1. Using the Karplus equation 6.51 cos²θ - 1.76 cosθ + 1.60 (θ = phi - 60°), what ³J(HN,Hα) coupling, rounded to whole Hz, does each residue of segment 82-91 give in order, writing x for Gly and Pro?
2. If the only charges are +1 at each Lys and Arg Cβ and -1 at each Asp and Glu Cβ, what is the size of the charge dipole of segment 204-342 around the Cα centre, to the nearest 20 debye?
3. Can you tell which of Leu327, Val270, Ile39 lies farthest toward the positive end of the dipole of the chain, using +1 and -1 charges on the Cβ of basic and acidic side chains (Lys, Arg; Asp, Glu)?
4. Taking the dipole about the Cα centre of the chain, with the C-beta of Lys and Arg at +1 and of Asp and Glu at -1, give me whichever of Gln160, Thr68, Gln196 is farthest to the positive side.
5. May I ask for the net charge around Tyr41, where only other residues with Cβ less than 14 Å from the Cβ of Tyr41 are counted and Lys, Arg are +1 while Asp, Glu are -1?
6. Taking Lys256 as the anchor, which lysines have their alpha carbon closer than 29 Å to its alpha carbon, excluding any fewer than eight residues away along the same chain?
7. Non-local amide H neighbours of Val184 (under 5 Å, H modeled in plane, Pro and chain starts lacking H): which ones?
8. Under 5 Å between amide hydrogens, which residues at least 5 positions from Ser42 or on another chain qualify, with H placed 1.01 Å from N in the peptide plane?
Amino acid sequence: QKEQTSFTDSIWIVPSKRAAGFIKNEFRQKANKTQILPIIYSIEEFIQILSGLKIADSTQMVFECYETYLEIDSITQKEDFDTFSTWVSTLIGDFNEIDRYMLDADSFFDYLNNIQDIEHWYLAEERTELISNYLNFWNSLSELYDKLKEKLLTKGMAHQGLVYRKAAENVKTYLKANSNKTFVFIGFNALNNAEQHIFQTFLEIPNNKIYWEIDNHFVKDTMHGASLFIRKYLETWPYFKDNPLVDIPTNFTKEKEIQLIQAPQNITQVKALSTILEELSPEEKRNTAIVLADETLLEMVLGSLPESIEKVNVTMGASIQYFPAVLFFAEYFSIQQKNQDA
């Protein structure tokens, strides 16, 4: 394959901003002359560009959803915000899935309402007020979904799933406006329905490419779940009729060096890790990933990193309850409570 030297009109789409950072670092290391990099977007950035909408953050979504919830007259028994906030994230997640997979919302909610009606009415001895209020809420979800969607769109934003749906609807218009660009999708595996529609539409245009995050070992193993999605795409996407997979990585079967270090306690593990990191060169540090089997060790690991490591990229969550400041105040309040009880 001929090496591409000009990326002036190239746009690359990758799974995350972190992946974009690694690609730019590869360019930095291998470039032997000054050149213009391709424009690199994370998939989240790209769908916002396609849709013309901004993804609302989770906190904003909770308040937008609660305001809409209060406006639904058919929900007669409304909960206060504290109670509402305990379950609204699940509801927003469901709305996201409906749009990411481009489901017909009206049909979906009708089907869901019928199931709830069967479970809580036909199978119940009598239709109590509690059951009526419960079913009334389920019957109002379609209206809540539609009103929330309308409210968000008037503000130029949306929850993530709705942004995906709008991006899929706008993809052909975007392609017409950017017919002079070439697009490359890199590092993907499992895609939702909106992503599949977007990717396939782009791949209808000659010179647009896609490179998957898959190893040859798993592609050949038809019983392994890791290749489930790529096998489906290879069978159903028209693009692959003329563009079979080539140059698939074979990292899984390559020889690897594994060293085991005995560290019976958490603090011992952290100290051993710190010692190992201290001995690495700057280049080795940049190519090192720390994978924690116990996520509660994150705070201790961060506090024990060598001074030579100035920046780290943390890609996991951490419960606030394990941080020293929280532990201190928890103990402080516990002591105060014991004093009052005495």
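The values are calculated or read from the model by the stated rules, or taken from the named source; none is laboratory data. All values derive from a computational prediction rather than experimental measurement. Cβ atoms come from the backbone with ideal geometry, glycine included; neighbour counts cover every protein chain shown. For accessibility, only protein heavy atoms count, side chains too; no ligands or nucleic acids. Shrake-Rupley method; radii C 1.70, N 1.55, O 1.52, S 1.80 Å.
1. So the Karplus estimates, Gly and Pro as x, are 4, 5, 4, 5, 6, 10, 5, 4, 5, 5 Hz.
2. Its charge dipole is roughly 320 debye.
3. The listed residue farthest towards the positive side: Ile39.
4. Gln196
5. Numbers: positive: Lys17, Arg18, Lys24, Lys181; negative: Glu44, Glu45, Glu195.
Every neighbour counted, the sum reads +1.
6. In chain and number order, the partners are Lys17, Lys24, Lys30, Lys220, Lys271, Lys285, Lys311.
7. Amide H neighbours of Val184, under 5 Å, 5+ apart: Ile11, Trp12, Ile13, Lys209.
8. Amide H neighbours of Ser42, under 5 Å, 5+ apart: Val14.
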